[in-house]
Amino acid sequence: MKYFAVIVAFSVMFVVACSNEAVETNQHAKEKRADESATITIDLYAKKACGATEPTIAQVEELVDQMDMSSELNIIMLKSHRQAIELKIPGVPTIRVNGVDIDPAADQIHKYGIT
């Protein structure tokens, strides 16, 4: 489980860094960012019955507390397989930072849902 926690932490930090870098490359975004503080949105999709749910939530909450930026953590407990399909969730837990899945292979997954 520690290995999974390290991957989650690294992945969230990587996506945040890439997101910030992309914002910095756009001059308009630079000006906008000077006026407003950027907020990172982290969506954690989980299922109560999943054994990885609680450790993942704890790890992400700890990471959010350590981040030196404004962030919003949304924990979405999936209620059904259908809901997971509608949200294009390939499995639980799924973490998205500013709408981007932290799993680099997520774009290649086209089978969604939870069991």
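The values are calculated or read from the model by the stated rules, or taken from the named source; none is laboratory data. Computed from a prediction, not measured in an experiment: that's the story for all the values here. Here the Cβ positions follow ideal geometry from the backbone for every residue, glycine too, while neighbour counts run over all protein chains shown.
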- Message: Regarding the range 73-89, can at least one residue be identified that is more than 12 Å from K47 (Cβ to Cβ), within 11 Å of the chain's Cα centre (by Cα) and free of Cβ contacts under 8 Å to residues at least 12 places away in the same chain?
- Response: no
- Task: Consider A52 carefully, then state whether it is small (G, A, S) and touching a residue at least 24 places away in the same chain (Cβ under 8 Å).
- Result: yes
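Rundown of residues vs (1) modelled with pLDDT of 90 or more; (2) hydroxyl-bearing (S, T, Y); (3) part of a strand (DSSP E or B), yes/no style:
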site	(1), (2), (3)
K32	no, no, no
Y45	yes, yes, yes
A49	no, no, no
E54	yes, no, no
V64	no, no, no
N74	yes, no, yes
Q83	yes, no, no
K88	yes, no, no
- Answer residue from the range 90-101, given it is surrounded by fewer than 20 Cβ atoms within 10 Å (Cβ to Cβ) and under 9 Å from the mean Cα position of the chain (by Cα) and is farthest from T39 (Cα to Cα) among those: V100
- Quick one: count up the residues across the range 93-115 that are in contact with a Cys (Cβ under 9 Å, 6 or more places away or on another chain), closer than 15 Å to I42 by Cβ and assigned to a loop (DSSP other than H, G, I, E, B). 1
